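Chemist: Next up is a structure, given as structure tokens.
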Amino acid sequence: MARQLTFDLGLTPALGRADFLPAPANAAALAMVDRPQDWPQGRLLLVGPEASGKSHIASFWAAEQGARVVRGGALRVDAADALAPEAGALVIDDADRVAHAAGAEQALFHLWNLSAARGTLLLMTARAAPRDWGLVLPDLVSRMASVAVARLGAPDEALLGAVLVKLLADRQLTPGPGVVEALVRHMDRDLALARRLVAEIDRTALAEGRGVTRPLALDALARLTEVGGEASDPVANGR
């Protein structure tokens, strides 16, 4: 069968609150985000690994608060003043990226001070605690060391399965019988891997003109991880 050319169309995932998948791994962090009145000095840092739901939470929280969302690596001192509204809210997604962008640390330090002066709620997301960002501005280091932190934990099997279903639905893919269950059984509980895996499944299904079957999905997992695969699935092989 001739393989088709495939293109990454940059599908936009559903990021509303109703699309978020609550689970024990994220319940405590979500509860903290939903009580900004309890944030010390009106600031909160949401920490979790790649694809754990940080940006999703930040997105629907920003929509509910009427807040602007900016990327940490895009912060600039000359634009910071316009980002912190009086008695409003601001989200800085991937705040840890400020350590790798010229002028961004100074901008975040300025926003830290502005948020206090203007009563602006400041929600930040990052993959790690501030001590691991590589910050060099001493004043910012000392302030970030004091920020309240909400942590997203590792997913359980139920959450991993639900995330796979959502990612497939975001790409308008309908998995065949047992596909999600087989993937959950064989893959690490890694939501970033789940995102890459569904992209690979989508690419393969389109290129080969096939449906999302268990063999196709497990082959995609094997290519990404070099372990697992169809041969290790006793159900797929009739054992």
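Chemist: Within the stretch 90-104, how many residues are buried (at least 21 other Cβ atoms within 10 Å of the Cβ) and in contact with a Leu (Cβ under 6 Å, 6 or more places away or on another chain)?
Modeler: 4
Chemist: If a residue must be over 20 Å from the mean Cα position of the chain (by Cα) and surrounded by fewer than 20 Cβ atoms within 10 Å (Cβ to Cβ), how many such residues does the stretch 173-189 contain?
Modeler: Matching residues across the stretch 173-189 total 8.
Chemist: A further question follows. I'm trying to understand the selection: among the residues of the stretch 190-212, which are farther than 24 Å from LEU152 by Cβ and open to solvent by 40 Å² or more (accessible area, probe 1.4 Å)?
Modeler: Residues satisfying the conditions are ARG203, LEU206, GLU208, GLY209, ARG210, GLY211.
Chemist: Kindly provide the set of residues from the stretch 105-120 that are closer than 25 Å to GLY53 by Cα and either open to solvent by 50 Å² or more (accessible area, probe 1.4 Å) or among the hydroxyl-bearing types (Ser, Thr, Tyr) (or both), ordered by number.
Modeler: Residues satisfying the conditions are SER115, THR120.
Chemist: How many residues are part of a helix (DSSP H, G or I) and within 15 Å of LEU224 (Cα to Cα) if we restrict to the stretch 154-196?
Modeler: Final tally of qualifying residues: 9.
Chemist: Hey, another quick one. For the stretch 86-103, state whether one or more residues are more than 25 Å from LEU30 (Cα to Cα) and either among the charged types (D, E, K, R) or in contact (Cβ under 8 Å) with a residue 40 or more places away in the chain (or both).
Modeler: No - not one qualifying residue is present in the stretch 86-103.
Chemist: Among the residues of the stretch 154-169, are any open to solvent by 30 Å² or more (accessible area, probe 1.4 Å), farther than 22 Å from ASN26 by Cβ and not basic (Lys, Arg)?
Modeler: Scanning the stretch 154-169, I find no residue that is open to solvent by 30 Å² or more (accessible area, probe 1.4 Å), farther than 22 Å from ASN26 by Cβ and not basic (Lys, Arg), so the answer is no.
Chemist: Pairs please, first residue from the stretch 198-222 and under 19 Å from GLY161 (Cβ atoms) and of a type in the set (Ser, Thr, Tyr), second anywhere and surrounded by fewer than 18 Cβ atoms within 10 Å (Cβ to Cβ) and at pLDDT 95 or above, Cβ atoms under 6 Å, 6+ apart in sequence or on different chains.
Modeler: Matching pairs, first to second residue: THR213/GLY176.
Chemist: Regarding ARG71, is this residue open to solvent by 30 Å² or more (accessible area, probe 1.4 Å), within 30 Å of GLN172 (Cβ to Cβ), modelled with pLDDT of 95 or more and among the charged types (D, E, K, R)?
Modeler: Judged against the criteria, ARG71 is a match.
Chemist: If you don't mind, another one. All but one of (1) open to solvent by 50 Å² or more (accessible area, probe 1.4 Å); (2) at pLDDT below 95 hold for THR225, so report the exception by its number.
Modeler: Among (1) open to solvent by 50 Å² or more (accessible area, probe 1.4 Å); (2) at pLDDT below 95, THR225 violates only (1).
Chemist: Further question on the same structure: Sort out which residues of the stretch 54-66 are of a type outside the set (Lys, Arg) and surrounded by 15 or more Cβ atoms within 10 Å (Cβ to Cβ), and write them in order of number.
Modeler: SER55, HIS56, ILE57, ALA58, SER59, PHE60, TRP61, ALA62, GLN65
Chemist: Looking at ALA51 and the list (1) aliphatic (A, V, I, L, M); (2) under 27 Å from ALA169 (Cα atoms); (3) at pLDDT 95 or above; (4) open to solvent by less than 70 Å² (accessible area, probe 1.4 Å), which single condition is not satisfied?
Modeler: Only one criterion is unmet by ALA51, namely (3).
Chemist: Okay, next question. Could you give me the residue pairs with C-beta distances under 7 Å whose first residue belongs to the stretch 127-147 and is outside any loop (DSSP other than H, G, I, E, B), whose second residue is not hydrophobic (A, V, I, L, M, F, W, C) wherever it lies, and which are 6+ apart or on separate chains?
Modeler: If the second residue must be not hydrophobic (A, V, I, L, M, F, W, C), the pairs left are LEU140/GLU105; MET144/PRO130.
Chemist: Please verify whether the stretch 183-192 includes one or more residues that are in contact with a strand residue (DSSP E or B) (Cβ under 7 Å, 6 or more places away or on another chain) and at pLDDT 95 or above.
Modeler: No, because not a single residue in the stretch 183-192 is in contact with a strand residue (DSSP E or B) (Cβ under 7 Å, 6 or more places away or on another chain) and at pLDDT 95 or above.
Chemist: Given the options ALA150, ALA207, ALA169, name the one that is among the small types (Gly, Ala, Ser) and either in contact with a helix residue (DSSP H, G or I) (Cβ under 8 Å, 6 or more places away or on another chain) or closer than 17 Å to LYS54 by Cβ (or both).
Modeler: Answer to the check: ALA150.
Chemist: Among the numbered criteria (1) over 28 Å from ALA117 (Cβ atoms); (2) touching a strand residue (DSSP E or B) at 6+ places or on another chain (Cβ under 8 Å); (3) modelled with pLDDT under 95, which single criterion is violated by ALA28?
Modeler: Against the list (1) over 28 Å from ALA117 (Cβ atoms); (2) touching a strand residue (DSSP E or B) at 6+ places or on another chain (Cβ under 8 Å); (3) modelled with pLDDT under 95, ALA28 comes up short only on (3).
The values are calculated or read from the model by the stated rules, or taken from the named source; none is laboratory data. This structure is a prediction, so every number in the text was calculated from the model and none was measured. Quick reminder, even Gly has a Cβ in these numbers, built from the backbone with ideal geometry, and neighbours come from all protein chains shown. The protein model used for the area step is the full one, side chains on, heavy atoms only, and it has no ligands, DNA or RNA in it. Shrake-Rupley method; radii C 1.70, N 1.55, O 1.52, S 1.80 Å.
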